[in-house]
Structure formats: structure tokens, C-alpha cells
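*Asks:* Below is a structure I'd like to ask you about.
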């Protein structure tokens, strides 16, 4: 399981999972595409587009939020449906990643998400699994 929706009164809260911190980042971004377009990851037909992203900060939580904010920005501006990520470099204070996507039509958006928030953000490791709960402004 890559994610589950968490009960929240006004916004959308999602708990993401990964076996490693790197997988947590990737699963969170893949799941964000799935949630917004209400479309499970499936076999990709043909070659998509690629954008390369790089972030640095002294706090891994800030890297995580910055990464998700950029993914959300690309989805909202270009209607990118992200299907694959390749981490080129990852440390506690830096991520460099290639992001592969297909552009979908505006009418394919099923769940509008306005922003990624810092509200109650936490990344934890429990029983060998990384998880985070992210609240999105809808």
C-alpha cells in the first residue's frame, strides 16, 4: 500500500508509505497523481515527458514538502500525470530527481488540490516502514 486517505474535517489528509525514505518521496508523488486524476498507475504506453528537479534544505521534512509542492504545481499548471521517478541523488539535505509524466486534459482532474501544507507534518519510521501524514488544502 502506497497511501491511505485519513479522516479530516475540512481538508484532505493522506498517509503515505515507503520501505525507504526515498520510496516515501516517490510513492507520495505517484499517489498524488493517482488521487488528483482518480487513476491508478497503469502501464504507460509510449514515452512521456521528463522534468528534473533539485531541492536542498537542512531539514528533510522541508525537502519533502518542497518536492510535493512542485509536483502539485506541475499537475495544476501543466496537468502532468506522473508515472515514474528516478532519484539521482538523495541525502538528508538534498534531492535531485527526474520526474516522468504524461500530460492529461483538464477534464481528467477528479480531485482539486490547492496546496500542500505544513499542518501536522511528520515523517516517521516504524517497524521498518517510513510514513508521513500530509494535509492538503482543497
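The values are calculated or read from the model by the stated rules, or taken from the named source; none is laboratory data. Every value quoted in this text rests on a predicted model; they were computed, and no experiment measured them. As a convention, Cβ positions derive from the backbone with ideal geometry for all residues, glycine included, and neighbour counts pool all protein chains shown.
*Asks:* Which ones in region 39-62 are in contact with a helix residue (DSSP H, G or I) (Cβ under 8 Å, 6 or more places away or on another chain) and at pLDDT 85 or above?
*Replies:* 51, 53, 55, 56, 57, 60
*Asks:* Does any residue in region 100-112 that is without any contact (Cβ under 8 Å) to a residue 40 or more places away in the chain come within less than 8 Å, Cβ to Cβ, of a residue that is surrounded by 10 or more Cβ atoms within 10 Å (Cβ to Cβ) and not in a strand (DSSP E or B) six or more places away or on a different chain, and which pairs are these?
*Replies:* Pairs that qualify, where the first residue is without any contact (Cβ under 8 Å) to a residue 40 or more places away in the chain and the partner is surrounded by 10 or more Cβ atoms within 10 Å (Cβ to Cβ) and not in a strand (DSSP E or B), are 105/79; 106/79.
*Asks:* Would you confirm whether or not region 1-13 contains a residue that is part of a helix (DSSP H, G or I), under 13 Å from the mean Cα position of the chain (by Cα) and farther than 18 Å from residue 115 by Cα?
*Replies:* The answer is no; no qualifying residue exists.
*Asks:* Something else about it: So residue 83 fits all but one of (1) modelled with pLDDT under 95; (2) loosely packed, with under 13 Cβ neighbours inside 10 Å; (3) out of contact with any helix residue (DSSP H, G or I) (no Cβ under 6 Å at 6 or more places or on another chain); what number is the exception?
*Replies:* So residue 83 meets the others, but not (2).
*Asks:* Could you list, in sequence order, all residues of region 87-114 that are over 18 Å from residue 30 (Cα atoms), part of a strand (DSSP E or B) and out of contact with any strand residue (DSSP E or B) (no Cβ under 6 Å at 6 or more places or on another chain)?
*Replies:* The answer is 91, and nothing else.
*Asks:* Looking only at region 115-138, how many residues end up being assigned to a loop (DSSP other than H, G, I, E, B), in contact with a helix residue (DSSP H, G or I) (Cβ under 8 Å, 6 or more places away or on another chain) and free of Cβ contacts under 8 Å to residues at least 60 places away in the same chain?
*Replies:* 1
Conditions (1) within 15 Å of the chain's Cα centre (by Cα); (2) surrounded by 19 or more Cβ atoms within 10 Å (Cβ to Cβ); (3) under 19 Å from residue 4 (Cα atoms), marked per residue:
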{"residue": "40", "(1), (2), (3)": "yes, no, yes"}
{"residue": "55", "(1), (2), (3)": "yes, no, no"}
{"residue": "68", "(1), (2), (3)": "yes, yes, yes"}
{"residue": "76", "(1), (2), (3)": "yes, no, no"}
{"residue": "106", "(1), (2), (3)": "no, no, no"}
{"residue": "126", "(1), (2), (3)": "no, no, yes"}
{"residue": "133", "(1), (2), (3)": "yes, no, yes"}
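*Asks:* Name the pairs whose Cβ atoms lie under 8 Å apart, with the first residue in region 7-21 and on the phi < 0 side of the Ramachandran plot and modelled with pLDDT under 75, the second crowded, with 16+ Cβ neighbours inside 10 Å and not in a loop (DSSP other than H, G, I, E, B), and 6 or more positions between them or separate chains?
*Replies:* Final answer for the pair search is 7/13; 8/135.
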